[in-house]
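Heads up, the thing below is written out as structure tokens.
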Amino acid sequence: MARRPIICGNWKMNKSPDEAVAFVRELAPKVQRFENVERVVAPTFLALTGVAEALKGTELKAAAQDGHWATDGAYTSEVSAAMLRPFVSYVIIGHSECRAYLNETDDTVNRKAKAILAGGLRPIIAVGESLAQNEAGETIDFVRSQVSAALEGISASDMANVVIAYEPIWAIGTGRSASGEMADAIIKSALRDTVRALYDDDIADGIRIQYGGSVKPGNMEEFMSQPNIDGALVGGASLQVEDFAGLIEIAARVKGQ
Ligand code: PGA
């Protein structure tokens, strides 16, 4: 089954609203022609209104870096799917930085995923093991458990709107990426085959699964050449227009139908 690759730039706590708008104005025309790749940027919440305005008439989409499980109410600092809906297509949840610093758990990821889907948006669910878990040989079991927990109670029909990102924590922002083959093997057995066991072949073969962790122009081709990797969640290399446009171009070429 052909899966349209998705490249998402996760800007984390970088770029002011003005810088974000200037960035997408410069990026959009450069990547307009790569239609076989879905192109997404995830700026700070504060930039989402301006970025959404700047993206009108372009093929670029916006993502939020988080979204709450409740529809509204007494949740100081939080942002709901309904608030995000006019401005974004995707919401990243479960990022390892949120798991490490913001008490994100498998349970909150699951609740957020359901709320995002119910709100008409698409979650990008990030999972991945720590260095200690990797070295202890626990990667497959751990990532499987994260995937199963995140998808608990999500219907088969909603799965068409779910993206999962495999991001080994030891590869995020470290310059130390997994090899393409290693990432592909983990994605196949801990992610795609977990979805297969929970749902069916059609859903497992249709779901898009990104790799993330020190993706850059020099290793993008290696990742995009893998059969189970359908794009990338990119931090550092998404902060420069030329680098990020280059990643999209590589994905379009390697994954081109
Ligand atoms: P990185 O970040 O590309 O800078 O390693 C990836 C991510 O955290 O999503």
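The values are calculated or read from the model by the stated rules, or taken from the named source; none is laboratory data. Remember, predicted model here, so these are calculated numbers, not experimental data. Quick reminder, even Gly has a Cβ in these numbers, built from the backbone with ideal geometry, and neighbours come from all protein chains shown. Quick note on the areas: whole protein, heavy atoms, side chains included, nothing else; ligands and nucleic acids left out. Shrake-Rupley method; radii C 1.70, N 1.55, O 1.52, S 1.80 Å.
Restricting the stretch 1-49 to residues that are assigned to a loop (DSSP other than H, G, I, E, B) and among the hydrophobic types (A, V, I, L, M, F, W, C), the residue that is nearest to the ligand (Cβ to nearest atom) is TRP11. Annotation note: Cβ proximity below 7 Å between a residue of the stretch 211-225 that is open to solvent by 70 Å² or more (accessible area, probe 1.4 Å) and within 10 Å of the ligand (Cβ to nearest atom) and a residue that is of a type outside the set (D, E, K, R) and modelled with pLDDT of 95 or more (sequence gap 6+ or interchain) occurs for LYS216/ALA237. Of all residues in the stretch 185-237, those satisfying the criterion of being of a type in the set (Ser, Thr, Tyr) and in a helix (DSSP H, G or I) are SER189, THR194.
Looking across the stretch 137-184, the residues that are in a loop (DSSP other than H, G, I, E, B), farther than 17 Å from ILE93 by Cα and within 16 Å of the ligand (Cβ to nearest atom) come down to GLY173, THR174, GLY175, ARG176, SER177, ALA178, SER179. Residues that are within 22 Å of ILE187 (Cα to Cα), in a helix (DSSP H, G or I) and open to solvent by 30 Å² or more (accessible area, probe 1.4 Å) within the stretch 238-257 comprise ARG253, VAL254, listed in sequence order. Under the condition of being more than 23 Å from VAL21 (Cα to Cα) and either open to solvent by 70 Å² or more (accessible area, probe 1.4 Å) or in a loop (DSSP other than H, G, I, E, B) (or both), the residues counted in the stretch 79-97 number 2.
(1) touching a residue at least 12 places away in the same chain (Cβ under 8 Å); (2) away from the ligand (no atom under 16 Å from the Cβ): which one isn't true of ARG196, the others all being true? For ARG196, the failing item is (1).
Being closer than 19 Å to SER16 by Cα and either open to solvent by 30 Å² or more (accessible area, probe 1.4 Å) or modelled with pLDDT of 95 or more (or both) holds for only one residue in ALA70, ALA47, ALA100, and it is ALA47.
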